[in-house]
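Read the figures in this text as sums done on the coordinates, not as results from a lab. Bear in mind that the values here come from a model prediction, so they are computed numbers and not experimental data. FYI the Cβ positions are ideal-geometry reconstructions off the backbone, even for glycines, and counts take in every protein chain you see.
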Amino acid sequence: MNKLIFVLLALLCLLSASVCGAQTADFDLEKGTVLLNSGYEMPILGIGCFALSDQQAENSVYWALRDGYRLIDTARIYGNEPGVGRAIRRAIDEGFVTREEIFVTTKMWTSDFGNGDAAVDASLLRLGLDYIDLMILHHSQPSNDVQAYQAMERAVEAGKLRSIGLSNFYEPADFDRLVNTTTIKPAILQNETHPYHQSKEMQRHIDQYGTVLESWFPLGGRGNTQKLFNDSTISSIAAAHGKSSAQIILRWHLQAGNIAIPGSSNESHIQENFEIFDFFLTDEEMQQMTALDKNQRFADY
Ligand SMILES: NC(=O)c1ccc[n+]([C@@H]2O[C@H](COP(=O)([O-])OP(=O)(O)OC[C@H]3O[C@@H](n4cnc5c(N)ncnc54)[C@H](OP(=O)(O)O)[C@@H]3O)[C@@H](O)[C@H]2O)c1
């Protein structure tokens with residue numbers, strides 16, 4: 001019955017594009033996926049692994065996969081690729097998911113940019129996988145990021161990577177610098193994005209390349225979440241829906257066209273963060289959320 005009501009709401013949503021906001025064209029909010037410019041489907045909600053120990057990452061990724069998540073975000077510099085790999089193998093061995101259903105993202109760290117081919121192989125080895133769904137350059141580094149990106153392009157050709165992208169490119173001209181000297185258009189740009197830093201200009205800019213925005217610090221990041229959770233606009237929308245502020249923020253990301261990868265080491269938070277596909281924010285609520293943008297970052301990198 002709940003599913004039927006939600007399907008009807010989703011249909012209403014389609015009939016009145018304004019209800020769901022302007023940036024949702026490519027996001028399938030029912031399936032929870034987006035079709036990337038690489039031709040691969042990517043889940044739009046995932047589990048983030050920043051600041052988790054190797055063992056915490058194993059637990060969080062395992063709980064997430066069990067709860068229905070299919071997108072995992074890690075990085076070489078987080079030091080937890082082996083834990084992520086163990087969780088994936090455990091979930092596959094227990095039979096509730098297949099490798100093909102899981103979308104694994106990792107990132108190449110800046111000190112590896114001069115040796116990108118080896119960095120791809122090393123991530124594959126640490127994760128224990130024979131391909132990675134998405135690899136991202138962790139930061140803009142004009143001295144050698146093109147060289148690193150070209151190594152990722154070779155890895156796509158070799159079948160080691162399926163999609164490639166960028167992270168921490170905050171200036172349109174910087175993004176264009178890399179795009180204009182490489183061949184494969186980035187599938188994803190992963191930047192700090194949350195209600196106080198909505199990244200609308202970059203989102204519009206990268207749209208011309210079919211590049212999708214992915215939010216890191218979707219809840220503001222450790223130490224900042226309460227500022228967003230206690231924001232009176234967010235908490236009153238949460239009360240109106242009988243949802244938590246975290247769920248409202250995550251739902252806003254998806255309706256605003258941002259892939260979200262909330263990080264957590266807490267089993268019940270992980271479950272809560274995935275329970276956002278049974279309601280939608282109205283056009284008015286989306287406008288209230290848009291009005292919160294202060295162009296304010298919480299991190300300084
Ligand atoms: N590309 C980059 O440079 C970059 C930088 C930073 C992060 N990232 C990626 O983006 C992901 C997300 O960023 P993040 O993890 O730093 O920040 P975040 O997701 O914005 O916030 C994580 C914080 O939110 C808390 N939290 C999560 N769900 C909650 C809930 N339902 N209720 C209350 N608190 C909740 C977590 O605490 P608990 O553990 O207690 O749940 C943790 O303290 C990272 O994990 C990483 O994969 C990328």
Exercise. Taking Cα centroids, how far is the stretch 97-135 from the stretch 277-291 in Å?
Worked result: 35
Exercise. Around P142, with a cut-off of 15 angstrom between Cβ atoms, what is the net charge of the other residues, counting Lys and Arg +1 and Asp and Glu -1?
Worked result: -3
Exercise. When we measure straight from the Cα of K227, which lysines land under 28 angstrom away, once same-chain ones fewer than 8 places off are left out?
Worked result: K200, K243, K294
Problem set entry | Full-extension gain in nm, D28 to D67, via 0.36 nm per residue minus C-alpha separation | 12.1 nm
Problem set entry | Antiparallel bridges, percent of DSSP beta bridges restricted to the stretch 134-261 (to nearest 5) | 5
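Where a ≥ b ≥ c are the square roots of the eigenvalues of the C-alpha gyration tensor, would you call the stretch 118-223 rounded, which needs a/c under 1.5, or, failing that, prolate if a/b is larger than b/c, or oblate?
Because a/c hits 1.5 or more and a/b fails to exceed b/c, the stretch 118-223 counts as oblate.
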Exercise. For the chain, what is the relative contact order in percent, using Cα pairs closer than 8 Å and at least 6 residues apart in sequence?
Worked result: 20
Exercise. Taking the mean number of other Cβ atoms within 10 Å as a proxy for protection, how do you rank 285-293, 127-135 from highest to lowest?
Worked result: 127-135, 285-293
Seminar exercise, completed: Counting only DSSP beta bridges fully inside the chain, the antiparallel percentage to nearest 5 is 20
